[in-house]
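Take a look at the structure set out below.
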Amino acid sequence: MPLKNINHARSIAFIIRVGVILVLLLFSISQNTFSQDHNSTSLNAASTISLTLTEAIDLAIRANRNLLQSGYGLQNQQLSLESTLSEFDLRIRPYSRAGVADGEGIVGGGVGFDKKFSSGIRASLSPGIEWANDEYTSTTGVSLGIPLLKGFGQEVTLDSVYGSQFSLRTAERTTYMSRVNVALDTVLAAYDINKQTELVKLFTFQRDQLEGHATTARIKERAGLATPIDIYRAEIRQKDAENSLTTARESLANAKDRLKLILSLSMEEDIHVATPMVFEPVDITLDDAIRLALEHRIEIDQRKDDIAETHRNVDIAKHNLLPRLDLVVDYTRFGFSDEFRDKVWLPGEDRWAFYLSSDTDWVRKREKIAYSQSLLRVKIAQLNLTQQQDEIKREVRRQLQALGKDLERIQIRREQLRQAEEKLALAKIKFHYRMADNFDVIATDTDRQRARVDLLSTEIDYIVGTYRLRSVLGTLIEKKTG
């Protein structure tokens, strides 16, 4: 074989070997890259919490720290009510004493039973025994206190109980309103993540497009087909897109952190909430919406309860104008013995006492002022109800108007998107026939992407507005107290 052919064959073999090595090397690199990407994806998937919007709301209501604190406050009110009710429990008080009187030792003890009834009557039973002067003395006392004027009647005696029940109902309504606010905050945060995610996609697209355009401008400039001005313009637009992308990523991270804070999740975890984008225009008249709001808003229930409580306090204040006059009946039975045997409890001496007791300030100035103040509180409570009703009507009207404007903006955004798509199609045709450059195509494509994001943002505003409307109507979450 000629030397020339041998050298040619060796060259071909060398090229083949180099080619095989390069293919194997590229394959190995691609496999390692895939393995790393796969492992990274698996790690991210393992640390990403995926929820539906309903699941996110349920989790927020269960785990939100502010709601947990509100729940503890509610439990505290329940305990306060139990403490108030304990005033009417049977009280058992053992007692004892030991000492010296007139040089003689005294030792004694017994137990007292006290009971307060809802009518205001108090009863007590106190059996006991005492040793003194070498003699045992047994006593059994019975006392009955009956208020004749001030302090008689269930409404007066149970005043503290009714007050605690009112405080408990108020705490329950406050907890419910906190649930509504947390649910609405969850919706706002979840859709804000959706919006910021789309902005990140938009600015990423712009950056990539402008980066490619800047590279093309540099190549053209070396070939004499572009000027340095074209390069500067492309690089400036590219830096603007990168800056916008950085800002959008920060906003996205902040939106996710806000949602994780609402859900009481770890800040190190990633979160994804599937937010539905399908919506139907709200079809309700203003009169119907106001009627629903006045029926369902728990603030109306609270204001009406305030009025009822102030009327009850007026009755209490009026009752406190009466002087205190109590009928007291005391009965004491004595037994004596020098030995501690059963006969110490045998009938000995009985003592009865009937008397009227009173300790009233006859001027009653403080009570009269309290009564006048209670009448003023009734008027204030009635004004608060009227003001609350007007405020709810204003909120309903404003929210319906906002939804109407959002619908109008959606139609405008859709038209803008249609125009941007037509403009992009025209720019591509011009570029095909060398009537426009690549920068014009990128600019019009960016406008189209911006129009799409603007439409999405407006649709999100409308969807969030429907949740706001449900909150205003009092139908966002089930009204549940306790």
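The values are calculated or read from the model by the stated rules, or taken from the named source; none is laboratory data. Just so it is clear, the model here is predicted, and its values are computed rather than measured. Cβ coordinates were reconstructed from backbone atoms using ideal geometry, including for glycine residues, and neighbour counts include every protein chain displayed. We work out accessible area using only protein heavy atoms, side chains counted, and drop any ligands, DNA or RNA first. Shrake-Rupley method; radii C 1.70, N 1.55, O 1.52, S 1.80 Å.
Here residue 277 fulfils each of the conditions (1) touching a helix residue (DSSP H, G or I) at 6+ places or on another chain (Cβ under 6 Å); (2) within 30 Å of residue 62 (Cβ to Cβ); (3) open to solvent by 40 Å² or more (accessible area, probe 1.4 Å) apart from (1). The single condition among (1) in contact (Cβ under 8 Å) with a residue 60 or more places away in the chain; (2) within 30 Å of residue 263 (Cα to Cα) that residue 69 does not meet is (1). A search for C-beta distances below 6 Å between a residue of the range 283-304 that is more than 20 Å from residue 407 (Cβ to Cβ) and in contact (Cβ under 8 Å) with a residue 40 or more places away in the chain and any residue that is assigned to a loop (DSSP other than H, G, I, E, B) and of a type in the set (Val, Ile, Thr), counting only pairs 6+ apart in sequence or on different chains, returns 296/475.
For the range 454-469, the criterion of being assigned to a helix (DSSP H, G or I), under 19 Å from residue 245 (Cβ atoms) and among the charged types (D, E, K, R) is met by at least one residue. Which of (1) farther than 27 Å from residue 167 by Cβ; (2) assigned to a helix (DSSP H, G or I); (3) without any contact (Cβ under 8 Å) to a residue 40 or more places away in the chain does residue 435 not meet, given it meets every other one? Single failed check for residue 435: (2). Is the range 401-419 home to any residue that is surrounded by 15 or more Cβ atoms within 10 Å (Cβ to Cβ), without any contact (Cβ under 8 Å) to a residue 40 or more places away in the chain, farther than 30 Å from residue 307 by Cβ and basic (Lys, Arg)? Checked against the condition, which is being surrounded by 15 or more Cβ atoms within 10 Å (Cβ to Cβ), without any contact (Cβ under 8 Å) to a residue 40 or more places away in the chain, farther than 30 Å from residue 307 by Cβ and basic (Lys, Arg), the range 401-419 yields no hits at all.
Of the set (1) aliphatic (A, V, I, L, M); (2) at pLDDT 95 or above; (3) not in a helix (DSSP H, G or I), all apply to residue 472 but (3).
Only one entry of 119, 138, 143 meets the criterion of being touching a strand residue (DSSP E or B) at 6+ places or on another chain (Cβ under 9 Å), part of a strand (DSSP E or B), in contact (Cβ under 8 Å) with a residue 24 or more places away in the chain and within 29 Å of residue 323 (Cβ to Cβ), and that entry is 143.
Checking each residue in the range 82-116 for being within 50 Å of the chain's Cα centre (by Cα), over 19 Å from residue 144 (Cα atoms) and outside any strand (DSSP E or B) picks out 82, 83, 84, 85, 86. Residues that are touching a strand residue (DSSP E or B) at 6+ places or on another chain (Cβ under 9 Å) and open to solvent by 50 Å² or more (accessible area, probe 1.4 Å) were ranked within the range 254-273; the one that is farthest from residue 188 (Cα to Cα) is 269. Residue 463 meets the stated requirement of being modelled with pLDDT of 85 or more, among the β-branched types (Val, Ile, Thr), touching a helix residue (DSSP H, G or I) at 6+ places or on another chain (Cβ under 7 Å) and farther than 30 Å from residue 171 by Cα.
Whether a residue is modelled with pLDDT of 90 or more, within 30 Å of residue 439 (Cβ to Cβ) and either open to solvent by less than 70 Å² (accessible area, probe 1.4 Å) or touching a Leu at 6+ places or on another chain (Cβ under 7 Å) (or both) was assessed, and residue 251 passes this test. Across the range 58-104, the qualifying residues are those that are out of contact with any Lys or Arg (no Cβ under 7 Å at 6 or more places or on another chain) and of a type in the set (Val, Ile, Thr), and the one among them that is most open to solvent (accessible area, probe 1.4 Å) is 100. For the range 285-295, a tally of residues being touching a helix residue (DSSP H, G or I) at 6+ places or on another chain (Cβ under 8 Å) and surrounded by fewer than 16 Cβ atoms within 10 Å (Cβ to Cβ) returns 1. With respect to the conditions (1) surrounded by fewer than 20 Cβ atoms within 10 Å (Cβ to Cβ); (2) in contact with a Leu (Cβ under 7 Å, 6 or more places away or on another chain); (3) within 17 Å of residue 245 (Cβ to Cβ), residue 168 falls short on a single one, namely (3). Among the residues of the range 182-223, those that are among the β-branched types (Val, Ile, Thr) and either touching a helix residue (DSSP H, G or I) at 6+ places or on another chain (Cβ under 6 Å) or in contact (Cβ under 8 Å) with a residue 24 or more places away in the chain (or both) comprise 182, 186, 187, 193, 197, 200, 204, 216. Any residue at all in the range 178-199 that is under 29 Å from residue 83 (Cβ atoms) and polar (S, T, N, Q)? Yes, the conditions are met somewhere in the range 178-199.
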